[in-house]
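Working notes for the structure below.
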Amino acid sequence: MDRQAGIQQIRKSCDIIAAEMLRIHPAVRALNDKPTQDDLMKALYQLTVDLETVKKRILKLEKQEDTPEM
């Protein structure tokens with residue numbers, strides 16, 4: 001796998017993870033247990049932050065490749 005294929009695979013996986021995380025939120029609300037819901041929402045928030053970090057780092061790497069050498 002070359003770099004571009006790796007970038008595309010990571011981007012695709014991030015999209016899948018984000019979509020699945022959106023499906024978790026309604027299920028958390030259905031638990032009807034405030035302490036558990038609070039902990040899970042905190043964890044989901046942290047997962048979102050970490051996922052965005054991965055996406056931003058991949059975007060930065062991709063932009064480096066697009067910059068012509070001087």
Asp15 versus Leu51, label points 7 Å from Cα toward the beta carbon: distance in nm?
1.4 nm
Would you mind computing Rg(Cα) / (2.2 N^0.38 Å) for the chain, counting N as its residues?
1.50
In degrees, nearest 10, range 0 to 90: what is the angle between the Cα axis of helix 34-66 and the longest Cα principal axis of the chain?
10 degrees
Can you tell me the dipole magnitude for the chain around its Cα centre, using point charges on the Cβ only (Lys, Arg +1; Asp, Glu -1), in Debye to the nearest 20?
140 debye
Apply 1/(1 + (r/R0)^6) to the Cβ-Cβ distance of Asp2 and Asp33, taking R0 = 35 Å, and write down the FRET efficiency to the nearest 0.05.
0.15
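When a footprinting reagent is the concern and you count Cβ atoms within 10 Å, what order do Thr48, Thr53 take, fewest first? The partial results should precede the final answer.
On the way: Thr48 14, Thr53 10.
Going from sparsest to densest Cβ surroundings: Thr53, Thr48.
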Angle, helix 3-29 long axis vs. longest principal axis of the chain, Cα atoms, 0 to 90°, nearest 10?
10 degrees
Computed FRET value (nearest 0.05) for Leu59 with Ile24, which takes r as the C-beta separation and R₀ as 30 Å:
0.75
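Counting helices only, and only those DSSP H runs with n ≥ 4, report the 222 nm mean residue ellipticity of the chain as the sum of -39,500 (n - 2.57) divided by its residues, in deg cm²/dmol to the nearest 500. Each step should come with its number before you reach the end.
On the way: 2 runs with 60 residues, N = 70.
Using -39500 (n - 2.57) per qualifying helix, the result is -31000 deg cm²/dmol.
No lab work stands behind these numbers, since they all come straight from the coordinates. Because the structure is predicted, anything quoted here is derived from the model rather than measured. Glycine also receives a Cβ, built like all others from the backbone with ideal geometry; neighbour counts cover every protein chain displayed.
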